[in-house]
Amino acid sequence: MNGIHDLGGMHGLGPILIEENEPCFHHEWERRVFPLFASLFVGGHFNVDEFRHAIERMAPSEYLESGYYEHWLHAFETLLLEKGVITVEELWGGAKPIPCKAGTAVLTQDMVSMVVSTGGSARVSHDVAPRFRPGDQVRTKNFNPTSHTRLPRYARDKVGRIEVAHGVFITPDTAAHGLGEHPQHVYSVSFTAQELWGEPRPDKVFIDLWDDYLEEA
């Protein structure tokens, strides 16, 4: 969707301030929020694309005025409420939490390292024919969905080159909305700075893109 989260190419936001020796967590509550993602993901309460779309749906002013782990916490609360896992009363401490249903998967200590380091892969083994191959020139489609997509706004209707074929993956545009896996090929596509930004620089940007985002140039 075209939300405030998609900042590429936008002006007026000032320089990126780099904090020297920045810690992983600035506050103790951030350290406590971090493991919630792995726990809730393993518990089957949401997938990665649902999580991302929940953040995208934040009000623009709230998004810009809050920090990284506040975005995470917003997504957890939004999704757990929407899916009926918790109630508003439980969230605000007005009711005693109800235990999870029997059979709900639980993150155990021996799983932590793998989940944190690898995340949840969206790669699948479906036999799907690729539409493009490395070396092909492609153009990204120009669309403006109100739903989730991984095609950045700044890279739409741009010509690039297929560099690497990654294989078949679940499509985030459908997975974020409970519409199925819709497996298709994903490619690393290179774009010149001139194509994306109109600047005659030697730089290139590489973006992983799904078949549905591309057409022949």
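The values are calculated or read from the model by the stated rules, or taken from the named source; none is laboratory data. Nothing here was measured: the structure is a model prediction, and the numbers come from that model. Note that we place each Cβ from the backbone using ideal geometry, even for glycine, and neighbour counts take in every protein chain shown. In case anyone asks, the SASA skips ligands and DNA or RNA and just uses the protein heavy atoms, side chains included. Shrake-Rupley method; radii C 1.70, N 1.55, O 1.52, S 1.80 Å.
Summary of computed values
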item	result
Selection count where residues are assigned to a loop (DSSP other than H, G, I, E, B) and not aliphatic (A, V, I, L, M), scope the stretch 46-72	5
Qualifying residue in the stretch 26-45 (condition: assigned to a helix (DSSP H, G or I), of a type in the set (S, T, N, Q) and under 27 Å from Asp173 (Cα atoms))	yes
Among the candidates Val85, Val48, residue that is more than 30 Å from Glu22 (Cα to Cα) and either in contact with a helix residue (DSSP H, G or I) (Cβ under 8 Å, 6 or more places away or on another chain) or touching a residue at least 24 places away in the same chain (Cβ under 8 Å) (or both)	Val85
Extreme residue, farthest from Lys101 (Cα to Cα), among residues of the stretch 14-69 that are of a type in the set (Ser, Thr, Tyr) and out of contact with any Asp or Glu (no Cβ under 6 Å at 6 or more places or on another chain)	Ser61
Selection count where residues are at positive phi, open to solvent by 60 Å² or more (accessible area, probe 1.4 Å) and not in a loop (DSSP other than H, G, I, E, B), scope the stretch 163-186	0
Single residue of the stretch 187-216 satisfying the filter (of a type in the set (A, V, I, L, M) and surrounded by fewer than 19 Cβ atoms within 10 Å (Cβ to Cβ)) that is nearest to His148 (Cα to Cα)	Val205
Any hit, the stretch 8-18, residues being open to solvent by less than 70 Å² (accessible area, probe 1.4 Å), under 21 Å from the mean Cα position of the chain (by Cα), under 27 Å from Thr149 (Cα atoms) and at pLDDT below 95	yes
Hits in the stretch 113-137 (condition: among the aliphatic types (A, V, I, L, M) and either open to solvent by less than 60 Å² (accessible area, probe 1.4 Å) or modelled with pLDDT of 95 or more (or both))	Val115, Ala122, Val124, Val128, Ala129
Scope the stretch 20-54; condition open to solvent by 50 Å² or more (accessible area, probe 1.4 Å) and over 15 Å from Gly119 (Cα atoms); matching residues	Glu20, Asn21, Glu22, Pro23, Cys24, His26, His27, Glu28, Trp29, Arg31, Arg32
Residue selected from the stretch 55-66 under the condition open to solvent by 30 Å² or more (accessible area, probe 1.4 Å) and over 16 Å from the mean Cα position of the chain (by Cα), by the criterion farthest from His177 (Cα to Cα)	Glu65
Members of the stretch 138-151 that are open to solvent by 80 Å² or more (accessible area, probe 1.4 Å) and among the hydroxyl-bearing types (Ser, Thr, Tyr)	Thr146
Matching residues, the stretch 81-112, being in a helix (DSSP H, G or I), open to solvent by less than 90 Å² (accessible area, probe 1.4 Å) and within 26 Å of Phe169 (Cβ to Cβ)	Met111, Val112
Among (1) polar (S, T, N, Q); (2) in contact (Cβ under 8 Å) with a residue 24 or more places away in the chain; (3) farther than 28 Å from Met58 by Cα, the one test that Thr149 misses	(3)
Hey, Arg156 out of contact with any His (no Cβ under 8 Å at 6 or more places or on another chain), in contact (Cβ under 8 Å) with a residue 40 or more places away in the chain and surrounded by 13 or more Cβ atoms within 10 Å (Cβ to Cβ) or not	no
